[in-house]
1. Assuming residue 75 fulfils every condition listed in (1) at pLDDT below 85; (2) more than 25 Å from residue 116 (Cα to Cα); (3) open to solvent by 100 Å² or more (accessible area, probe 1.4 Å) apart from one, which condition is it?
2. Counting only residues that are of a type in the set (Ser, Thr, Tyr) and modelled with pLDDT of 90 or more, which one in segment 90-118 is surrounded by the fewest Cβ atoms within 10 Å (Cβ to Cβ)?
3. Failed condition for residue 70, given (1) open to solvent by 100 Å² or more (accessible area, probe 1.4 Å); (2) within 35 Å of the chain's Cα centre (by Cα); (3) at pLDDT 85 or above; (4) of a type outside the set (A, V, I, L, M, F, W, C), with all others met?
Amino acid sequence: MNETDGLLAEAQIEGDDNQQQAEETTISHIKPDNETIASDDVAAEAADERPEWLPEKFKSPEDLAKGYAELQKQFSQGKHKAPETYDDSIFKEAGIEDDDELYNTYKDWAKENGVSQAAFEQLASKFI
């Protein structure tokens with residue numbers, strides 16, 4: 001081998017026999033007609049496998065996405081913060097007067113403890 005010869009200078013070309021033998025042992029990537037995979041079965045198997053990173057309280061990544069969307073909605077509405085003044089229409093609709101002692105104690109306590117508007121309404125609905 002001299003300096004001008006390439007790496008393949010001594011390579012030998014395989015004969016037709018080797019190529020024919022290689023073609024015979026090729027594995028087909030096409031599934032035979034009599035074998036089918038039901039897409040529902042594959043989806044069911046995937047649904048049964050809960051990812052490790054998914055918190056226990058969520059059954060699927062879709063549940064996590066729904067929870068996140070709901071949380072984002074509440075934050076955008078500002079219901080997670082204590083407002084300057086509470087929307088007390090729930091009390092007015094129930095016919096509770098502004099001078100009711102229990103009602104005023106409820107509002108004052110909510111304000112002092114930084115109760116959000118959502119929590120204020122939720123407790124009020126149970127209280128009323």
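The values are calculated or read from the model by the stated rules, or taken from the named source; none is laboratory data. From a predicted model like this one, the values you see are computed outputs, not experimental measurements. All Cβ positions, even for glycine, are placed from backbone atoms using ideal geometry, and neighbour counts span all protein chains on display. Areas reflect the complete protein model, heavy atoms only, side chains present, ligands, DNA and RNA absent. Shrake-Rupley method; radii C 1.70, N 1.55, O 1.52, S 1.80 Å.
1. The failed condition is (2).
2. First, pick out the residues of segment 90-118 that are of a type in the set (Ser, Thr, Tyr): 103, 105-106, 116.
Pick out the ones that are also modelled with pLDDT of 90 or more and you get 103, 105-106.
On the way: 103: 18, 105: 10, 106: 20.
Per the criteria, the residue is 105.
3. (1)
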